[in-house]
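The values are calculated or read from the model by the stated rules, or taken from the named source; none is laboratory data. The structure displayed is predicted, hence computed values, not measured ones. We place every Cβ from the backbone using ideal geometry, glycine too, and count neighbours over all the protein chains shown. Just the protein is used for accessible areas: all its heavy atoms, side chains included, with ligands, DNA and RNA removed. Shrake-Rupley method; radii C 1.70, N 1.55, O 1.52, S 1.80 Å.
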Amino acid sequence: MSQRTPTAPRAPGSRIAAPERAPDHRILTHAPRTADHPIRGHAPRTPASRILALALLAAAGACSESLPTVEREDLVRSGLATEVILEYHEFASNARVYGGYGKTSDLGAGFVAHDFGAGVDAGGGDQEGLEAASLLRFGRYPRSAQVLDTTGTNVPDTVLTFLSGRLFMRFDSLASVHNDQPVEIVAHALTEPWDGRSATWEYAIDTIRHREYWSVPGGGAVEEIGSTTWDPETGDSIEIGVDSSWIAAWADTTDSGRGVRVSASTSGVRLRVTAALLRIDARPSVNPDTIVQVPASTENRTFIYAPVPRPPLKTLRVGGVPAWRTVMELDIPSVLNRPDELCDVVGCPVEITADHVSFAALRFTTRTVVWSFAPSDTLSLDLRSVLAPDFLPKSPLGPSLAGLVGTLAAHEWFQSPAGEIVEIPITGLVRDLLRGETIDGDPVSQTIAVLAAFEPRSVEYMTFDGPTSPSAPGLRLILNFSLDGDT
């Protein structure tokens, strides 16, 4: 399997070419072609994006958005079409970022990292390295196993003597950053009570009614079980031996302190854990001269990390875990006084209605993400209406407006010098806002949330220029006007 292992942000000469800033208008007299109007929300074909692209093709028939890269009569009808790029203050306001959605235990996977991303940040200050460890707690051991008896017959045995065990772990080599070098992985036994849903780097238990610190941040007082070296050149899995004393101790399911912390002792790595399980060597009663392996169930699997990112001040953020969302209010103008070419033909001011809108997309410009949390694989953006803005940040959201897999963003777009434009189509929403209601007559919210399509998905997040930036969010509109006297 090929490895994607970026070791540092891309040099300016090796990035995907940043697009020139689009003009604020363009007159079109025919359907725009792909080469003239690239949609930059589609990532290069990374392994993850190929999988997402297949899903996108499967769902294309259900997609509600018309893309201006396809020649369609319903996109640019006979007459005159114009492209307008609205600046942030012309269509939106009150952009803000909320965090805290979901928990690391919701991810279904884990991370291990040691001193990852340490150095100087973009602002010239010291950047603290990322530390992360995966926590595991195993449930009841199997009560029986199918065993060959002394006659060679396969029979159930309910009297098993548990001996030692093996901890198996698998890493996602494409979503991990490890410099193609062997990584030392260490397993420690946890000894302090902890909560598998809420544990963090600082807190062993962090629930609404109860909060308890670890005695030492990062897992408290621990005892080493064993270690091994993961070499990405030889495979994606490791195993660490577990002696009989720990197997016996973990059999007590009433002990809330039982568990394993898996970490890395090699500096400068961040590995994504996709699977972890414990297999126990057991001696069966029907054939005591043999040893069988039985799996222990995994009761809790999560990860803890530090430092936790601070809320952004001037930029917008999406993704991460707990996840970040960007929220803003839309106020689509119903009257335009530009461009001159349009005004010369139909006269200005010109009223804009839902019927004039062939295509609409929100445009966000990518920024460099601090290396500790920089994406290492393609991520995906979603956009949803906020149904009850007064209840933010806990408002319910409407259905996805970005399709089954969302809008893809390549990880390279968030490395220096960044500056890529990502477009999220919102044609239907803009039409509804101009109409004042949905096509079915239901109310429409002016508040939207931009979030990760799969939330939470990763410790990595995406950053975009904020409203005060020269590259603030924009709204791309393609409008159609009849030339027969009816605009």
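Observations, loosely collected:
- Members of the stretch 309-320 that are among the hydrophobic types (A, V, I, L, M, F, W, C) and modelled with pLDDT of 95 or more: Leu316, Val318
- Residue check for Pro389: open to solvent by 10 Å² or more (accessible area, probe 1.4 Å), at negative phi and touching a helix residue (DSSP H, G or I) at 6+ places or on another chain (Cβ under 9 Å): no
- Checked against the criterion of being in a strand (DSSP E or B), open to solvent by 30 Å² or more (accessible area, probe 1.4 Å), farther than 30 Å from Ser471 by Cα and not aromatic (Phe, Trp, Tyr), the candidates Thr150, Thr161 yield just one match: Thr161.
- Check on Ala81, on the phi < 0 side of the Ramachandran plot, at pLDDT 95 or above, open to solvent by less than 20 Å² (accessible area, probe 1.4 Å) and not in a helix (DSSP H, G or I): no
- You will find that of Leu271, Leu330, Leu278, the residue that is within 30 Å of Thr353 (Cβ to Cβ) and open to solvent by less than 20 Å² (accessible area, probe 1.4 Å) is Leu330 and no other.
- Positions within the stretch 280-326 being polar (S, T, N, Q) and under 23 Å from Val147 (Cβ atoms), in sequence order: Ser285, Asn287, Thr290, Gln293, Ser297
- Scanning the stretch 399-411 for any residue that is free of Cβ contacts under 8 Å to residues at least 24 places away in the same chain, surrounded by fewer than 21 Cβ atoms within 10 Å (Cβ to Cβ) and farther than 30 Å from Leu278 by Cβ turns up at least one such residue.
- Restricting attention to the stretch 350-368 and to residues that are assigned to a strand (DSSP E or B) and among the hydrophobic types (A, V, I, L, M, F, W, C), the residue that is nearest to Thr468 (Cα to Cα) turns out to be Phe364.
The rows are residues; the columns are (1) open to solvent by 60 Å² or more (accessible area, probe 1.4 Å); (2) among the charged types (D, E, K, R); (3) out of contact with any Phe, Trp or Tyr (no Cβ under 9 Å at 6 or more places or on another chain); (4) at pLDDT below 50.
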residue	(1), (2), (3), (4)
Leu52	no, no, yes, yes
Ala59	no, no, yes, yes
Pro68	no, no, no, yes
His89	yes, no, yes, no
Ala92	no, no, yes, no
Val97	no, no, no, no
His114	no, no, yes, no
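- Residue check, Ile448 among the β-branched types (Val, Ile, Thr), touching a strand residue (DSSP E or B) at 6+ places or on another chain (Cβ under 8 Å) and more than 30 Å from Thr302 (Cα to Cα): yes
- Residue in the stretch 407-418 that is in contact with a Leu (Cβ under 7 Å, 6 or more places away or on another chain) and over 30 Å from Asp115 (Cβ atoms) present: yes
- Condition met for Arg476 (among the basic types (Lys, Arg), over 30 Å from Glu131 (Cα atoms) and open to solvent by 30 Å² or more (accessible area, probe 1.4 Å)): no
- Scope the stretch 336-347; condition closer than 21 Å to Val430 by Cα and either surrounded by 12 or more Cβ atoms within 10 Å (Cβ to Cβ) or at pLDDT 95 or above (or both); matching residues: Leu336, Arg338, Pro339, Leu342
- Restricted to the stretch 232-249, and to residues there that are part of a loop (DSSP other than H, G, I, E, B) and closer than 22 Å to Phe303 by Cα, the residue that is nearest to the chain's Cα centre (by Cα) is Asp236.
- Among the conditions (1) surrounded by fewer than 21 Cβ atoms within 10 Å (Cβ to Cβ); (2) farther than 30 Å from Leu80 by Cβ; (3) of a type in the set (D, E, K, R), Asp382 misses just one, which is (1).
- Being open to solvent by 20 Å² or more (accessible area, probe 1.4 Å), aliphatic (A, V, I, L, M), touching a strand residue (DSSP E or B) at 6+ places or on another chain (Cβ under 9 Å) and within 27 Å of Asp243 (Cα to Cα) is a condition met by no residue of the stretch 126-145.
- Residue within the stretch 117-130 that is within 27 Å of Pro309 (Cβ to Cβ), modelled with pLDDT of 90 or more and touching a Pro at 6+ places or on another chain (Cβ under 8 Å) present: yes
- The residues of the stretch 201-259 that are within 20 Å of Pro307 (Cβ to Cβ) and of a type in the set (Ser, Thr, Tyr), listed by number, are Tyr203, Tyr213, Ser215.
- Meets criteria (in a loop (DSSP other than H, G, I, E, B) and hydrophobic (A, V, I, L, M, F, W, C)) for Val308: yes
- Of the criteria (1) of a type outside the set (A, V, I, L, M); (2) touching a Lys or Arg at 6+ places or on another chain (Cβ under 8 Å); (3) under 30 Å from Trp230 (Cβ atoms), which one Arg363 fails: (3)
- Which listed residue is in contact (Cβ under 8 Å) with a residue 60 or more places away in the chain, more than 15 Å from the chain's Cα centre (by Cα) and open to solvent by 50 Å² or more (accessible area, probe 1.4 Å), from Gln446, Gln415: Gln446
- Residues satisfying the stated conditions in the stretch 171-230, i.e. small (Gly, Ala, Ser), outside any loop (DSSP other than H, G, I, E, B) and either in contact (Cβ under 8 Å) with a residue 24 or more places away in the chain or surrounded by fewer than 17 Cβ atoms within 10 Å (Cβ to Cβ) (or both): Ser173, Ala175, Ser176, Ala187, Ala189, Gly226, Ser227
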